[in-house]
Amino acid sequence: MVVAVRSWVANEGGKHLVLMLWLGANTWLFTKTFLLYFTGQQYHYLYKMLGLGLCISRASASVLNLNCSLVLLPMCRSLLTFVRGTHTVSSRKTRRLLDKSKTFHVACGVAICIFSVVHVSAHLVNVINFSVSYSDDFPALNLARYRGEDPKLIILTTVPGVTGVVLVLILFLMFMSSSYCVRVSNYEIFWYTHNLFIVFYVILMVHMVGGALKYQTNIVDHPPGCIRANQSSTEQQGEELEQRDDEERCREEAYFQPHTPQTWLWVSGPLCLYCAERLFRYIRSSDPVTIVTVVRHPCDVIELRMLKKSFKARPGQYVVLNCPGVSSFENHPFTLTMCPTENKETFGIHLRVVGDWTERFTQLLLPESRLDLEILPMVQQRRYPKLYVDGPFGSPSEEVFNYDVSLCVAGGIGVTPFACVLHALLDGWTGFRLQRLYFVWVCRELQSFYWFAELLCALHHKLWKENRPDYFNLKLYVSQTENLQSMSEEKYRPLTSRLLVGRPRWKLLFDEIGKTNKHKRVGVFCCGPKGISKSLHRLCNSARSPGTTFEFNKESFS
């Protein structure tokens, strides 16, 4: 598939620029620190004792400091939402880069793991050299207490050694639980182990306490390599001493001093920012919401409508739910399918019952004795579990209204980000530039379309009354052909004519949109399976109709 340079730059240019800057910063910092310890006069004797292990351990430590400070910034959701919402501060390109915050977080995390392995390996060599190359001439430089001390004893009896072991264990748990299979099969393990980052940072800031590595402080009075008055006989040979007799002699003994811990200088700023944001989010979400309505939809989908004082949100945003009745520490993100308006203060979400948390939450919302009820009246709301809502937070779907033409592609329950967009169009939101909306919804089962069938029909009738039938282009695809039935209800007739069997032919769809909207930027928004996402991403980067640029935006929770 041919790649169009213009489309590739629009979709990949920004993130690759940031990636190159990040890689450049890591490379520069590693090289700078390596050369400092390799050629620095103040580290002459230490390097003579430890060799390249000193340079590699310190260079990798510098890279770790950088990434341990950067890895927290993408998780400041409220800050990113503020920047995204302030259009005078951020352009659309900047806001699209913010959508990659999770990817950047993962990249920093992987860099931390890789350079931790390098750092630990180099320090293991250092510990062995501390034991083998014990210095009788400079006792203050030694970490070992005597020549030939067991390296394992050195590690387990020093502050850097013990804290290093604990940091490695925490990092190993966080890394293993971050794998896709663990997050999908047991999200609770991922959640609990990832919160060990607090312990990780506390230990990290005291890791250097103990002064394992020391530098020389009196280079002027004791130039490295100068002849000392009490130099041991093993280090001086008669002939060599005669040749160096006229060389500079040491005016005093070498003095060594441990480095002042600097990790806190790197991580304290981002850590304080993150803690301040978490405090702000805790205060904001401290009051429980009022659950107004619970609706059971086909295919194990629950609709939840809530009410919260002073809650405001924009279409495309998401919230994080916490239900103490299920778990006090687990928080799960859900896209808003209905935003509060001037005439309606309630907001809603749709969640699919998949996994332990959603199953237990559904059991609290709809106990066994009430499973036959679809809508629970508000008079029974006292029986609902206590629920806290944090947010809203920004997402790529907010940009749907900022293009002249947008294509929204949903797979199954991935329709939720766009449901709020459709509600906004139905409620008559104004002030956006969107002139045409293409909406493609792919489901495995026909019953899934009933989640938002009434909304789609209502929007269809509204646009027909306003004489704007071309504004909203709807296509529904059902991929499962076995026992297929049609939506026979009269009120769903507008959807029947737009219901297709099979899977979309994406290339033909893009060609059609490109020919109809020449010389325009088309925003492509996707929320669904990886297969659909990858296909759309490739098509957005490939050559399309002349003058038409497709900008790919993928929904991803942080």
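The values are calculated or read from the model by the stated rules, or taken from the named source; none is laboratory data. Bear in mind the structure is a predicted one, so any value in this text is a computation, not a measurement. Virtual Cβ from ideal backbone geometry, glycine too; neighbours counted across all protein chains shown. Accessible surface is based on the protein model in full, side chains and every heavy atom, while ligands, DNA and RNA are left aside. Shrake-Rupley method; radii C 1.70, N 1.55, O 1.52, S 1.80 Å.
Here the simple spin-label model places points 7 Å from the Cα toward Cβ, and for residue 498 and residue 345 these points are separated by 3.3 nm. Helices meeting the span-like rule in the chain (full DSSP H runs, Cα extent of at least 30 Å along the helix axis, mean Kyte-Doolittle score of 0.5 or higher): 14-39, 101-132. Which residue, 132, 173, 142, has the largest displacement toward the positive end of the dipole of the stretch 132-193 when charges sit on each Cβ (Lys, Arg +1; Asp, Glu -1)? Of the options given, the answer is 173.
Extension gain, residue 25 to residue 272: 0.36 nm times the residue separation minus the Cα-Cα distance gives 86.6 nm.
Within 10 Å of each candidate Cβ there may be at most 10 other Cβ atoms; applying that plus a DSSP loop requirement, which chymotrypsin sites (Phe, Trp or Tyr not before Pro) in the stretch 420-475 survive? Qualifying residues, ordered by number: none. Candidate values [x] 1.15; [y] 1.27; [z] 1.00 were compared with Cα Rg over 2.2 N^0.38 Å computed on the shown model; the agreeing label is [y].
Take the Cβ atoms of residue 91 and residue 162, set R0 to 60 Å, and the FRET efficiency comes out at 0.80.
In percent, rounded to a whole number, the relative contact order of the stretch 397-554 is 28, using alpha-carbon pairs under 8 Å and six or more apart. Of the trypsin sites (Lys or Arg not before Pro) in the stretch 404-460, the ones in a loop by DSSP (not H, G, I, E or B) with at most 10 other beta carbons within 10 Å are 433.
Each Lys and Arg Cβ is given +1 and each Asp and Glu Cβ -1; about its Cα centre, the chain then shows a dipole of about 2780 debye. Sorting 206-213, 322-329 by average packing, meaning the other beta carbons within 10 Å per residue, from highest down gives 206-213, 322-329. Packing around the peptides 40-51, 409-420, taken as the average count of other Cβ atoms within 10 Å per residue, puts them in this order, highest first: 409-420, 40-51. Across the stretch 1-124, Cα pairs under 8 Å and at least six residues apart give a relative contact order of 30 percent. Along the axis of the charge dipole computed for the chain (Cβ charges of +1 for Lys and Arg, -1 for Asp and Glu, origin at the Cα centre), the listed residues 112, 295, 528 are led at the positive end by 295. With the Cα gyration tensor of the stretch 397-554 giving a ≥ b ≥ c as the square roots of its eigenvalues, does the rule (a/c under 1.5 for rounded; else a/b larger than b/c for prolate; else oblate) give rounded, prolate or oblate? Verdict is oblate for the stretch 397-554. Ordered by solvent-accessible area of protein heavy atoms (1.4 Å probe), largest first, the residues 302, 283 come out as 283, 302.
If R0 is taken as 56 Å, the Cβ-Cβ distance between residue 137 and residue 184 corresponds to a FRET efficiency of 0.45.
Residue 92 exposes around 50 Å² of accessible area when a 1.4 Å probe is run over every protein chain in place.
Simple spin-label estimate for residue 83 and residue 121 gives 3.4 nm between the two label positions (7 Å along the Cα-to-Cβ direction from each Cα). If R0 is taken as 25 Å, the Cβ-Cβ distance between residue 206 and residue 251 corresponds to a FRET efficiency of 0.10. For the stretch 239-358, the fraction of 1.4 Å probe accessible surface lying on carbon and sulfur atoms is 51 percent.
Over the stretch 9-135, accessible surface divided per residue gives 46 Å², non-protein components excluded, 1.4 Å probe.
Contact order for the chain, expressed relative to its length and based on alpha carbon pairs under 8 Å spaced 6+ residues apart, stands at 14 percent.
Averaged over residues, the count of other Cβ atoms within 10 Å places the peptides 511-519, 389-397 in the sequence 389-397, 511-519, highest first.
Extension gain for residue 217 to residue 505 (0.36 nm times residue separation, less C-alpha to C-alpha distance): 96.6 nm.
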